Amino acid sequence: MAINITLPDGSALQLESGSTGATAARAIGRRLAEAAVAIRVNGELRDLAVVLADGDAVEVITADADMGRAVLRHSAAHVMAQAVLDLFPGAQYAIGPAIEDGFYYDFHIGRAFTPEDLEAIESRMAEIVAADQPFEREVVSTQRALEIFADQAFKREIIEAVEESEGAAGVEVSLYRNRGFVDLCRGPHLPSTGRLAAFKLLRTAGAYWRGDEHRPQLQRIYGTAWESREALDAYLHRLEEARRRDHRRLGADLDLFSFPPELGSGLAIWHPKGATVRGLMEDYSRRVHQTHGYQLVVSPHVARADLWQQSGHLGFYAETMYPLMELDDGDRYVLKPMNCPFHILIFASRGRSYRELPMRLFELGTVYRYERSGVLHGLLRARGFTQDDSHIFCMESQIGEELQGLLDFSLMVLRDFGFEAFEADLSTRPEKFVGRPELWDRATVALGEALDRAGLAYTVAEGEGAFYGPKIDLHVRDAIGRRWQVTTLQVDFAQPDNFSLEYATADNTRERPVMIHRALFGSVERFLGVLLEHYAGALPGWLAPVQATIVPVADRHHGYAGEVAGALEAAGLRPEVDLADDTVGEKIRRALTHKHPAVLVVGDRDVAAGTVGLRLRGGEEARGVALADALERLGRECRPPR
RNA sequence: GCCGGAGUAGCUCAGGGGUAGAGCAGCUCACUCGUAAUGAGCAGGUCGGGGGUUCAAAUCCCCCCUCCGGCUCCA
């Protein structure tokens, strides 16, 4: 008896009846069989040991494919759990999935793991890998599974959840066994532990069971696994590269900002160079908003508690707000965590006509949020930060067009700062919500259409929206492929109600406007942090705090260096003259390590000829460049995007 | 907030019961130099803060603060 299977290229392959995925891989090629870790049968990822049926569409998955790596990492998680159970008898094990770039497993051993524990676990894992134990799949009833995991409370909870979701007891679950170790698991897995070529345990962390902070905290071990030693090394190198780009380190090295403990957690002070950069970002932001239909507004940092009561913040957001300030006369004030109530008050300050809509108010508004101490992370998560915040008041009928325009505007801004790859999340109506469902649906559809028309890939986060409206989050990919959330476009059906906002229609009736919140950078601080990591500190010319260092070869060239600096300044550039008592090489090195875009060396020949030695970022170097040419060239390098 | 790790000179780090060390940065002097580190000298720290143990604490113990890695939360 023979069966026929189809391969991804459409070709057919005849195999003996009873053939497995592994057989199929071998039939296609020896090297493929060696690299194979799993197989996709009719779209479903399965073990290589799966028995194929006549007519199956089959795709062999290798270890260097994303799906293959996930299998590899999942198996690595099993091996790690096996090692932990070997070394810590009585350990409880919870869940251990593959994640981006690695895997983790959560355990309860009655204490935390130490670095020595990790080494021991890693050694034990190496032994298990060397033993090349086969992974064997087994399907059992949930009753049987509950017996097998009688002393594993977390596993029992998972099994019970399976029964519940299936609506009946007695359904089946799959297990994977390899020599003495058994885990509840959907699979698939590697054929055997010996296929784990390269792995490393990275760190431990506390993690709540089921991600719920009211439930027990488990000990999580993170690890990474790759298809080869080379791939693992490349990954570890990538981690090192990420560390090198850490904006907190760059902020100190480049003298941009600092977080002195005296100030308080999560609060930055901006040194002259850092203030220059953020000033440039803010100038750009104000400029493009003014030329794209926005009106600039300004609001104070504190406001009466009553305002925050009316906006609902004291009800829903109080935890994240700095505590109330009580004044002598009993009046209570709050430091602002958001700008929206102020913009609403501006809208409400007089009667509004449909002719004024959409009304787009923009502010670089500094807000303060009392974030939980454990979440703070440099500029990326601070307690005081400045939002490039806008609130748009429009008619229901304008939502679609407005969102489209907003998205285009957002992408223009992000591209201006050098980002090229974008991804979006569309968060839809949650179970608890305010507003009319059909309005929600229309807005959600409008958000989706805007994304489609902009050609943006997006994932729908079903039910993840805030109770007051759907939203789009935009993410950028940085130079080393990391994903950062920046822009948020949030539709709001609640605030106009809270403040009874209205406008006069063409028929002279009153209608309630819809509000859209949006921040493009997210926050100026956060966005600058992302930029620093993206550019590894080497900001584009127009954002560099110092655009050119002028290096006099000897003391007698100081005068001419000053003249050159004057010429640059007159051309609107930001030069710095290095008058230090150091060699030329040392001054060059200093300028380069400070990531300045250009170095201008001036010596005897330049003084005589009115030239400079021009060295640009990226290694381009020329001697005897006429000052006018150098100015022209620098002007080009440092021109703002608009 | 929770779990773990760490705080020694401006930065990176060594020292681990017997009155504090290096490199870089800083300052001074010499050198006046053509594209990634010139040399010498000087100065710099109640070892994060408080309490305790001890004849003696940077070192051991307790509490607090800050930072780092996660969890949860989020711009």
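Some points to look at:
- Size of region A:144-251 from its Cα atoms: along the principal axes, largest to smallest, the extents are 56, 39, 23 Å.
- Around the Cα centre of region A:502-601, unit charges on the Cβ atoms of Lys, Arg, Asp and Glu (plus for the first two, minus for the last two) sum to a dipole of about 260 debye.
- For A:Ala268, the residues whose modelled amide H falls within less than 5 Å of its own, excluding neighbours fewer than 5 places apart on the same chain, are A:Gly384.
- Among A:Pro191, A:Gly572, A:Met1 the positive-end extreme of the charge dipole of chain A (Cβ point charges): A:Gly572
- Degrees, to the nearest 10: A:229-244 long Cα axis against longest axis of chain A: 30
- When the charge dipole of region A:417-534 is built from unit charges on Cβ atoms (+1 for Lys and Arg, -1 for Asp and Glu) and taken about the Cα centre, the candidate among A:Leu528, A:Ala454, A:Leu439 whose Cα reaches farthest toward its positive end is A:Leu528.
- Cα gyration tensor of chain A - equivalent ellipsoid semi-axes, whole Å, descending: 51, 38, 26
- Relative packing of peptides A:193-204, A:530-541, A:444-455 - highest average C-beta neighbours within 10 Å first: A:530-541, A:193-204, A:444-455
- With Cα atoms, 0 to 90° folded angle of helix A:153-166 axis to chain A main axis: 90
- Only Lys, Arg (+1) and Asp, Glu (-1) charged, at Cβ; region A:2-62 dipole about Cα centre in debye: 200
- Taking amide H positions as modeled 1.01 Å from N, with prolines and chain starts lacking one, the residues under 5 Å from A:Arg40 and 5 or more places away or on another chain are A:Arg46, A:Glu59, A:Val60, A:Ile61.
- Modelled FRET efficiency - R0 22 Å, A:Ala242 with A:Ala197, Cβ distances, 0.05 increments: 0.40
- Using the Stokes-Einstein relation with a Kirkwood hydrodynamic radius computed over Cα pairs, the translational diffusion coefficient of region A:2-62 at 10 °C and a viscosity of 1.306 mPa s comes to 145 µm²/s.
- Whole-Hz couplings from phi, Karplus 6.51/-1.76/1.60, listed for region A:403-415; x for Gly and Pro: 5, 4, x, 4, 5, 4, 4, 4, 5, 4, 4, 5, 5
- Estimated vicinal HN-Hα couplings, Hz - region A:99-109 in sequence order (Karplus 6.51, -1.76, 1.60; Gly, Pro = x): 10, 4, 6, x, 7, 8, 9, 9, 10, 10, 10
- Peptides ranked, highest mean first, by Cβ atoms within 10 Å: ranges A:238-246, A:333-341: A:333-341, A:238-246
- For region A:202-231 versus region A:604-642, the gap between their alpha-carbon centres in whole angstrom: 52
- The residues packed around A:Ser500, meaning those with a beta-carbon under 14 Å from its beta-carbon, carry a net charge of 0 if Lys and Arg are +1 and Asp and Glu are -1.
- Unit charges at the beta carbon, dipole of region A:541-637: most positive-side option, A:Gln547, A:Gly619, A:Gly635: A:Gly619
- Computed about its Cα centre, the charge dipole of chain A is approximately 1000 debye, with only Lys, Arg, Asp and Glu carrying charge at their Cβ.
- Seen from A:Asp331, the other residues with C-beta closer than 13 Å to its C-beta sum to a net charge of -2, counting Lys and Arg as +1 and Asp and Glu as -1.
- In this structure chain A gives 47 Å² per residue of accessible area when probed at 1.4 Å with all protein chains present.
- Non-local lysine pairs in chain A, meaning eight or more places apart or on different chains, with alpha-carbon distances under 23 Å, amount to 5.
- Amide H contacts of A:Gly312 (H built 1.01 Å from N, under 5 Å, at least 5 apart or other chain): none
- Normalised by residue count, region A:47-171 yields a Cα convex hull volume of 156 Å³ per residue.
- Dimensionless Rg ratio for region A:307-377, taking C-alpha atoms and the 2.2 N^0.38 Å reference: 1.37
- Backbone phi angles across region A:427-440, fed through the Karplus curve with coefficients 6.51, -1.76 and 1.60 (θ = phi - 60°), yield HN-Hα couplings of 9, 9, 4, x, 5, 8, 8, 10, x, 7, x, 5, 5, 4 Hz in residue order; Gly and Pro are listed as x.
The values are calculated or read from the model by the stated rules, or taken from the named source; none is laboratory data. Nothing here was measured: the structure is a model prediction, and the numbers come from that model. Cβ atoms come from the backbone with ideal geometry, glycine included; neighbour counts cover every protein chain shown. Side chains included, ligands, DNA and RNA excluded: accessible areas come from the protein's heavy atoms. Shrake-Rupley method; radii C 1.70, N 1.55, O 1.52, S 1.80 Å.
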